[in-house]
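Input: a single structure, listed below in structure tokens.
The values are calculated or read from the model by the stated rules, or taken from the named source; none is laboratory data. Here the structure is a predicted model, which is why all the values come from computation and not from measurement. Virtual Cβ from ideal backbone geometry, glycine too; neighbours counted across all protein chains shown. Areas reflect the complete protein model, heavy atoms only, side chains present, ligands, DNA and RNA absent. Shrake-Rupley method; radii C 1.70, N 1.55, O 1.52, S 1.80 Å.
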Amino acid sequence: MQVLFLDESGDHNLSVIDGSYPLFVLGGIIVDQAYAANPMEDAVRAFKRNLFDRDDLVLHTANITRNRNGFERLKERVFRERFYRELNSLLRGLRFQVVACAIRKEDHLARYGVAALDPYMLSLDVLVERFCMEIGEREGGGVIVAEKRDPTLDRQLEIAWLNLKVQGTRYIRASTIEHRIAGLNLRSKSANIAALQLADLVLTPIGRKILGKPVKEDYRVIEEKFRRSPNGRVDGYGLVVLPK
């Protein structure tokens, strides 16, 4: 069974748009369930023990970039360089595919006005379509795992998922989604699930690239992992940027 581990970068609010990050990215990693539960989990925990002498730390971009909640040592230049070098090596060595949908919120709002769809719901449709295509015809061949946020947002996501199973998307019928994806599971950050943490880590570099910011080594690693077409195309397969 394939698992799509989902996370987000930025916020999906269209009423107030942050000029420094006017983007919403929903995405994550597609990985074999057994691989995620064992080799991937073991590798991420070993990475944490090697650097921090503990494996209960949760790799979270906000905490890493702000040197907090267990990542205070990243203030030290030598340790920080080692951390990112070994993290990139970890990511490069693990088996997973990256899939993401990014919404340029100002352009989205300018094009559609009051009819603009909520960026979270729009990007969820896109990712469910790609995930269904990746699963193929296998019944119950996939499951989606997303991180819990707050009760209101979690409920909105559950409603959106139910709507997909009833109405489908523009390109995938509801019956196909129901047939191929076994369900949506919400898990808390405290569960310390390695694959969910990797889903978090891959999104910010994607956002930075789309916004035209300098590319770092982490993006080069992620670029190698994008889901691709049979002839190697990423656009529309592993990465969708809207509006086109």
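What the table below lists for this structure:
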read-out	value
Segment 44-177, Rg to Rh (Cα coordinates; Rh as Kirkwood inverse mean 1/r)	1.06
Net charge dipole size for the chain [Lys, Arg +1 and Asp, Glu -1 on Cβ; Debye, nearest 20]	600
Cut-off 20 Å, label 7 Å out along Cα→Cβ of ARG82, residues of segment 32-61 by amide N	43-60
Sum of -39500 (n - 2.57) over DSSP H runs of 4+, divided by residues of the chain (222 nm, nearest 500)	-14000 deg cm²/dmol
Long-range Cα-Cα pairs in segment 1-100 (distance over 20 Å), rounded percent	50
DSSP bridge orientation in the chain - percent antiparallel, rounded to nearest 5	50
Equivalent ellipsoid, segment 1-40 (semi-axes from 5 times Cα gyration tensor eigenvalues, Å)	32, 9, 6
Globularity ratio of segment 56-96, using Cα Rg and 2.2 N^0.38 Å	1.20
Share of alpha-carbon pairs per 5 Å distance bin for segment 129-244, given as whole %	2, 9, 15, 18, 22, 20, 11, 3, 0
Heavy-atom accessible area per residue - segment 77-223, 1.4 Å, Å²	50
Hydrodynamic radius of the chain per Kirkwood, over alpha carbon pairs, in Å	18.6
Given charges at Cβ of Lys, Arg, Asp, Glu: the chain dipole, positive-most of TYR84, PHE96, LEU23	TYR84
Relative contact order, percent, the chain [alpha-carbon distance under 8 Å, six or more residues apart]	31
